[in-house]
Structure formats: structure tokens, C-alpha cells
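Down below is the structure, laid out as C-alpha cells.
The values are calculated or read from the model by the stated rules, or taken from the named source; none is laboratory data. Given the structure is predicted, the values throughout are model-derived calculations rather than measurements. When we count neighbours, we look across all protein chains shown, and the Cβ atoms used for this are built from the backbone with ideal geometry, even at glycine.
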Amino acid sequence: MTRSLRKSLILWLLLPTALALITFLPLAYHLVHRPAMEALDQALADASLALVPHLEVVDGEPRFVFPAAAEQVLRTDRVDDIYYLVLGPAGRFIAGDIGLPHEPPEEQELHGDRASFDAHFRNRRVRVIAIHREIAGSPFIFVTAETTRKRDQLAVDLAVALILPLIFFAAATGLTIWYGIRHALLPVEDIRRALHGMEHRAMLPLDTLAAPAEIRPLVSEFNAVLDRLEQAAEAQQRFVANAAHQLRTPLAGIRTQLELLLRSPDATDREARTRHCVGALERLGHLINQMLVLLSAEPGGRHAGLAESVDVPELIRERSPEWIRLAETRGLDLGFELDPAQVIGDRLLLGELMANLVVNALSYTPAPGEVTVRCRSVEGRSLIEVEDTGPGIPPEARQQVFERFFRLPGASQPGSGLGLAIVREIAHGLQGEVEILDPPGGHGSLLRVTLPGGAG
């Protein structure tokens with residue numbers, strides 16, 4: 001599901017607004033509706049009180065004198081029907097509409113001498129006000145009631161009067177929020193356009209100062225990533241150019257030898273040129289293999305699921321026969337000092353790391369020389385060392401030798417200049433590091449690879 005920042009912001013801003021409106025509406029309705037109903041009740045109570053002066057007690061007998069004109073005034077209302085009732089002691093009917101409710105429900109208490117309640121009369125809902133008075137020592141009840149059409153209409157009018165402004169306010173608020181978010185996200189849209197308009201070879205950094213403070217760190221991080229991508233692209237271009245040069249040279253030599261081979265009538269010469277071509281093809285194959293290993297060592301080159309716990313001494317013993325044969329061919333003494341060490345990583349790449357270290361030392365150490373391979377574990381880190389008695393590496397070139405296709409000036413041995421670059425790339429991929437140190441004897445070179453230790 002695609003997430004929209006604009007929709008999320010609108011939603012999170014409108015939700016509290018909607019909740020506030022939903023909460024405010026009933027509260028406002030209650031605050032306005034209650035006083036209005038109380039005013040209508042008070043008018044009805046005044047009508048009940050107006051009945052009191054028309055009752056008099058003569059010789060112990062109550063007499064209610066209510067002129068027709070006064071009754072007409074009482075019952076006249078443009079909306080509702082008005083009813084009244086006068087009761088004497090013991091609920092004795094005196095005047096008015098017989099059957100009009102005069103007692104509030106049991107759950108409703110009488111407030112002083114007045115009772116206000118809703119009831120039904122003649123199949124109609126009415127609002128009743130009953131006032132209790134004592135006249136000439138006897139209790140009387142004066143009751144007035146009216147239908148609820150006016151009250152119902154008032155409730156509707158109040159709701160409409162409250163809802164319509166709130167609807168307008170909600171619409172205005174929603175529009176304001178939408179416009180505000182749209183305007184606030186314009187810098188993001190500008191960044192998108194800037195990214196869309198970038199050419200492949202002209203990826204300029206974004207203007208950090210032009211971005212809002214909230215997304216400025218994001219823009220800075222993007223510029224950093226862009227810078228790394230540009231550096232990687234440049235490194236890749238250099239790699240491709242160097243690789244093309246490295247491949248072109250042996251291929252051109254092989255082609256030349258093959259052309260001469262076709263024209264040569266001498267069998268001895270043909271055999272020598274054939275051996276030369278085979279050797280060149282072997283070197284070319286080694287170069288291509290090194291390039292593939294280098295690509296595998298780069299981030300994303302090999303799947304992280306290939307990582308395992310590797311026993312370093314065991315891996316060295318497994319790869320050592322080929323190193324021993326090379327040492328014997330070159331007249332060198334190859335020694336091993338192997339202490340327990342574990343590394344979490346790709347077994348194949350670890351093997352290539354060690355092979356490049358050892359072969360590099362064997363290739364550049366003149367006979368009769370010594371090459372020593374060591375491994376050990378120190379404070380949770382695994383150390384792999386290769387020490388030789390060769391000419392060593394000058395301090396000023398100890399960083400350059402890790403660059404791809406770099407070779408020391410005056411190097412007499414053939415090579416591609418990728419061995420130590422492969423070592424560094426694999427070490428960095430395993431969260432380790434490689435460094436060139438001065439050997440204890442002060443002669444030759446010492447290369448040390450430090451890797452995170454694995455479970456033993």
C-alpha cells in the first residue's frame with residue numbers, strides 16, 4: 001500500500017479538528033437548548049400562577065371564577081395547544097381539563113412548590129407545570145400544560161443554527177489545512193523536480209539552505225549519498241578503463257604471437273610461440289578471475305546469507321598446498337604459525353583474501369627468502385599476518401598499493417596490481433581492516449588483516 005505524506009498530514013490534522021467539532025456540537029447545543037427550555041417552562045409556570053387569583057374559598061367551599069375572556073387568553077397560542085387544571089384537597093376536581101396529568105413521575109422529585117415534567121394527554125406529548133398553593137388552610141394544585149410543537153421546532157432550529165456554522169467552519173478548516181500542507185510540501189516537490197531533472201552524468205548536489213529546516217538533514221544525507229555514488233561511479237569508470245587496458249595488452253600480445261605463429265616455418269619457433277600464448281592466456285585467466293573476485297567482494301557482490309563461521313587455521317591448511325608448490329618453485333621457505341581463530345564471513349572470499357596475501361609475498365620475495373603465515377585471536381578479534389623478507393613497501397606507497405591496478409615503480413615480477421586491492425575490499429566487507437607494518441626484523445614487509453572474531 002502506497003503511503004502519501006500529504007494524505008497522512010491532512011488526516012492527522014483533520015482528525016483532532018473533527019473530534020473537537022463533534023465534542024463541541026453537543027456541548028454547545030446543551031448550553032443553548034437548556035436556557036431556552038427553561039424560559040418556556042417559566043412562561044408556562046407564569047400561566048399556572050395566573051390561575052391562583054381566580055380561586056377563592058367561600059364558607060369552606062372553593063370557587064373558581066375564570067372569565068371566558070381570561071380563559072381565551074390562556075389557551076391562545078399560535079403553535080401549541082394549552083390546557084389547564086385546578087384541583088382541590090384530596091385531588092378534587094374544580095375546573096379545567098379533566099384528566100390532565102398533575103403528578104410528576106416517581107423518579108422525578110418535586111422542587112419546592114413547583115413540578116415540571118413531560119407527560120401525555122389526549123394521545124399527545126405535553127409539557128406540564130404544576131404549582132402547589134395553600135388557600136384558606138387547604139391545599140390546591142394549579143396545572144398548566146402545552147403541546148411540544150414549539151419546543152420540538154426550537155430544538156431543530158437550534159441544531160440547524162449550530163450545525164450550519166460548524167459545517168462552514170469545518171469546510172474552511174479543511175481547505176486551509178489542505179492548502180497549508182500543499183504549500184508546505186512545495187519544497188519537497190521542488191526536490192523531486194530537481195532529482196527528476198538530473199542527468200546521469202551531471203548529478204549536482206541539492207541546495208541544502210533552500211530546504212525547510214525539517215527536511216534539511218534528509219537533503220544533507222541525500223547529498224552525501226550522491227557524493228558517494230559519484231565517487232563510486234568515477235571509481236567504476238577508472239576500473240573499467242584500467243581493466244580494458246590490462247586485458248587489451250595480453251590480448252594484443254597473443255594476437256601478435258598467433259599471427260607470427262601462422263607465418264613461421266620453424267617448428268621450434270612455433271613451439272616457443274605456442275608456449276608464450278599459453279602463458280599469456282593463463283595470466284589473462286588469472287586477471288579475469290581476480291576481477292571477478294573483486295566484484296564479488298564489493299557491497300552487494302555476494303549474498304549475505306553465505307556468511308558462516310570459518311576456522312581460519314583449517315582454511316589456511318586447506319589452501320596451503322598450492323602456496324607450498326609456488327614457494328618450492330621460487331626457492332623460498334614458507335612457514336606457518338597457526339593459533340586458534342574464528343571469523344564470520346564468506347569462506348570463498350576469505351580464502352581469496354589469504355591467497356592474495358600469500359601469493360603477493362611469494363611473488364615479490366627473492367630467493368633465498370622466507371615467508372611466514374600467521375593467525376591468532378586477540379581480544380575477540382582474529383588476526384591474519386603474512387611476513388616476508390622481500391624488498392618491503394616504502395612508507396609513501398603503503399596507501400597506494402591498495403588501489404586497483406597500482407604497481408610499485410620498478411616491479412620486476414608480472415602482476416595485475418589487483419591482489420592487495422582485493423584484500424582490502426574483502427576485509428572492509430567483513431567489517432575489518434588491513435594495514436602494512438614494519439616487521440620486527442626491520443627487513444621486508446608485514447601485512448596484517450584484523451577481522452571480527454566468530455564463535456569458537
Checklist entry - Only one residue in LEU348, LEU338, LEU334 is in the same structural domain as ALA427 (by TED's automatic domain parsing) and modelled with pLDDT under 90, so which one is that? => result LEU348
Next on the checklist: Pairs please, first residue from segment 168-193 and not assigned by TED's automatic domain parsing to the domain that holds LEU19, second anywhere and surrounded by 11 or more Cβ atoms within 10 Å (Cβ to Cβ) and hydroxyl-bearing (Ser, Thr, Tyr), Cβ atoms under 8 Å, 6+ apart in sequence or on different chains.
Outcome noted: ALA170/THR17; THR173/THR17; GLY174/THR17; ILE177/THR17
Next on the checklist: Show the residue pairs meeting these rules: Cβ distance below 7 Å; 6+ apart or different chains; first residue within segment 24-38 and touching a residue at least 12 places away in the same chain (Cβ under 8 Å); second residue among the acidic types (Asp, Glu).
Outcome noted: none
Checklist entry - Which of the residues spanning segment 126-154 are hydroxyl-bearing (Ser, Thr, Tyr), within 14 Å of GLU38 (Cα to Cα) and buried (at least 20 other Cβ atoms within 10 Å of the Cβ)? => result none
Checklist entry - Mind checking which residues of segment 102-125 are touching a helix residue (DSSP H, G or I) at 6+ places or on another chain (Cβ under 9 Å) and buried (at least 18 other Cβ atoms within 10 Å of the Cβ)? => result HIS102, SER116
Item to check | Cβ-Cβ under 7 Å pairs, at least 6 apart or on other chains, segment 352-373 side within 21 Å of ALA427 (Cα to Cα), far side surrounded by fewer than 18 Cβ atoms within 10 Å (Cβ to Cβ) | outcome: MET354/ARG319; ALA355/ARG319; VAL359/LEU326; LEU362/LEU326; LEU362/ARG330; THR372/GLY335; THR372/GLU337; VAL373/PHE336
Checklist outcome for this item: Within segment 360-385, the residues that are basic (Lys, Arg) and either more than 12 Å from PRO340 (Cβ to Cβ) or assigned to a helix (DSSP H, G or I) (or both) are ARG374, ARG381
Item to check | Identity of the residue in segment 352-378, over 20 Å from HIS443 (Cβ atoms) and surrounded by fewer than 17 Cβ atoms within 10 Å (Cβ to Cβ), that ends up modelled with the highest pLDDT | outcome: ARG376
